[in-house]
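The values are calculated or read from the model by the stated rules, or taken from the named source; none is laboratory data. These figures come from a predicted structure and were not determined experimentally. Glycine also receives a Cβ, built like all others from the backbone with ideal geometry; neighbour counts cover every protein chain displayed. Please note that ligands, DNA and RNA were not included when accessible areas were found on the heavy atoms of the full protein model with its side chains. Shrake-Rupley method; radii C 1.70, N 1.55, O 1.52, S 1.80 Å.
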Amino acid sequence: MKTSNQNNTFNAFEGSTTKNVLGAIAFRYLPFWPIFVLTIITSLVISYFYIHYQTPIYEASATILLKDQNGGGTDASVLQALGVSNSAKTVENEIEVIKSRILMQQVVKDMGLYTQFYNKGTFRNILIYPSPVTFVALNPDNVPDVGTVSVSFNYLKSQKAIVLGGKKYPLSTPVHTPYGDYIINPTKEGAEMQFKGEYYAYIRSIKPTAKTLLGALKVASAARNSSLIALSLADQVPARAEDILNNLIRVYNEAGIAYKNATASNTLAFINERLISVTKELSTVEGSLADYRKQKGITNLSAEGLNFMGSGQQNVEKLAQIQIQLDVLTQVEKYIIKKGTGSALVPSTLGLNDPLLGQLLDRLYSTELELTTISKTSGENSPTVNAIKERIAQIKPGILENLHALRQNLIATQSRLQTEGSRNSEQLRGLPQKERVFLEITRNRSIKDNIYTLLLTKREEVQLSRAASVADSRVVNFAENKGGPIKPIPLNIYLMGLSVGVIAGVIFVLIREQYNQEVLFRTEIENATDATVLAEILHDDSGKTLVIKDGSRTVIAEQFRALRTALNFIGIQGNQKTILLTSSVSGEGKSFTAVNLAVSLALTGKKVAIMEFDLRKPKISKIMEINQEPGISNYLAGLATYEQIILSMADKKIPGLVILPAGTIPPNPTELMLNGRLDVLMAKLNEDFDYILIDSPPIGLVTDAKILNKYVNACLYMVRHKYTPKYYLNLIDHLYSNKELTNINIVFNGLKMRGVLGGYRQGYGSGYGYGYGYGAGYSYGYGYTNDERVKQSFALKVGGAFKRSNQK
């Protein structure tokens, strides 16, 4: 009931259903097990075909190790001495470099991945790798996006050719095709294989091909706080995934070496330029020193002069180094300015040990290299080119600002050294004139000689570094596939298919029952109204009118006996004898219930009268196969006597049962009921009979039941399973709450078995109700009826087991 369900979680008759979730699930879904079997099998079959016709994806993985920038290696120390590399490589930066578009586009070019060959299959196309032929584009940057092109292979001894788009092209020769200019070379594997079936070539430009491969590439740190980098690539062919990863590592290392060599070459150019100038200056100074010695006849200097000369020489050497650094800054500044209008060499940072400047120059060089590469395939005003130019424009102001700060520091140091040199020169003036001039010339010669020696040393170091240039990483594990495919994984697909099958079955049950607009469950009645559900009556498939007779032991006969017993609990005994049967709409089983309940009462030896008071649509007369006229309407109209409308059923072997038929269908049944003769009739029936059953019209359609209510002691309100609309339950609750009908009790009629193989022979325990009448507390199953020859089904056994556990 509505109230009891809200306040109580335990019902003495139901058992602890709220505490047994497994039993509730079994009760709701087990009767539909064939549907679940069907949906699960269907889902598993679909999963099977999905697994076998889905393209398997394999994954290859590789590992590289970044070299320790602080490890003190020979090449690292040389570069640091030269100032060629001022910024250490970090794992995060190198991960982004490996994932860059430029590197992957180079891999696509080197491997010719802009052309792929597929074998046409029934359900999926198979990628052929290695390809029987390779397409080497004469202009890779201009490979068009063509898509699929039909291909035929023809390897004859006398002629080697390929048919592409219906036209024959020779192999190993530059050819012009509608899809670009290529040299089509047979591979070693292709020459040894005979390909049968239909094929097609898939031709795409480099950029989208590289973008697709980058989407399948994963690059991450292999371990925390380490310089290991793990690479993995998913692809249809494991061998191709391995080759792509190995080539990506190769291109990455080559790009690093190329960057080192470019920087070293520019450093050499700068040193050679300076050497030419210093050589000329050194020759001039040495000539001047020789002339002065000869002219003045100088052979030795005093100790004091030598000290002054040594101090001044050190000072001048420092000034020379500062001058070199200032020249380097000038070269860098020219590079920054020239790159805005045209090409320029990458500058050397010889002698500069500022980490920030090195990082900024690295970023500028990498961005300009990307601009140069993109400009070859994109227009000058394309969005990509403009975006890169904006990044360059944002980097340059920072570099110029850093250069300005470095220049100011160097100029300040130069000014200080010059002041110290002036002070030293004043001290030299105290020496004899001839000795002083000689010392100045000698000091100048030593400075030029030291600069010359330094430049020669640096040039040798740079040449050695360039000759021994190696990548900043080494391969720890070359690419290797994991063996089996990473998707689809059969176990996961089958588990998903199983889950989908179960969910589909649950959805079927919910749509069939939960969202049904008719009443299906007793709990729906009890949740909607406080009126008592007095009894449950099974649906009868036999087609018999009378389902109860003396000695009958069928389930439905026992249910009517249970209903007969339940009448005592609602006060039908003694002078309280009149029962009204009504419903919400026509067809809910009022007449069927009235007749069988009356027969059940008559079998106990009681005198029972049935009043066929549905004067608009009478059914009892047809059910009992008796004459409808004269009847109640004739009596109420004064056209028949009491004795004329009382028909005994003794001839039908039902002694004690009397039927008052409806009579002639009147045009005004409501007015006829209010003319006063009904009071007399009811009084007479109360004197003559032990029970009076009134079969009234549906109260949801007409008001006859409310007129008859003053004569009755109880009302049996019929609700038919899977027939009565749910919104009529609100009408029942309204009638009960407002007491418009006396002592309303609900009979849940026409219960059918749940599930797709329903039928009451499967056992009432798997039905929609609780399987008991009011006060009964038990259910009727096999062994108690005449149907003992029918064996219980598997669903009944399991459902009964759960039900027994609920009732404990």
Taking r as the C-beta separation of residue 722 and residue 57 and R0 as 51 Å, the FRET efficiency to the nearest 0.05 is 0.55
Cβ neighbours within 10 Å, averaged per peptide: list 134-145, 736-747 in order, most packed at the top. 736-747, 134-145
Could you sort the peptides 674-682, 228-236 by per-residue average Cβ neighbour count (10 Å cutoff), highest mean leading? 228-236, 674-682
Would you mind getting me the FRET efficiency between residue 453 and residue 276? Use the beta-carbon distance for r and R0 = 22 Å, nearest 0.05. 0.90
Could you please state how large a percent of the accessible area of segment 448-557 is carbon and sulfur, counting protein chains only and using a 1.4 Å probe? 57
May I ask you to work out the translational diffusion coefficient for segment 518-630 at 20 °C, viscosity 1.002 mPa s, via Stokes-Einstein with Rh from the Kirkwood sum over Cα pairs, reported in whole µm²/s? 137
Give me a comma-separated list of calculated 3J(HN,Hα) values for segment 665-670, in order, Karplus coefficients 6.51, -1.76, 1.60 applied at θ = phi - 60°, integers in Hz, x for any Gly or Pro. 5, x, x, 9, x, 5
Can you compute the modelled spin-label distance between residue 418 and residue 211, with each label point 7 Å from Cα toward Cβ, in nm? 5.8
Which FRET efficiency value, to the nearest 0.05, is calculated for residue 38 and residue 495 with the Förster distance at 25 angstrom and r the Cβ-Cβ distance? 0.85
Once both labels are modelled 7 Å past Cα along the beta-carbon direction, what's the residue 381-residue 409 spacing in nm? 4.4
Descending packing, highest mean Cβ count within 10 Å first, for 646-655, 324-333 is 324-333, 646-655
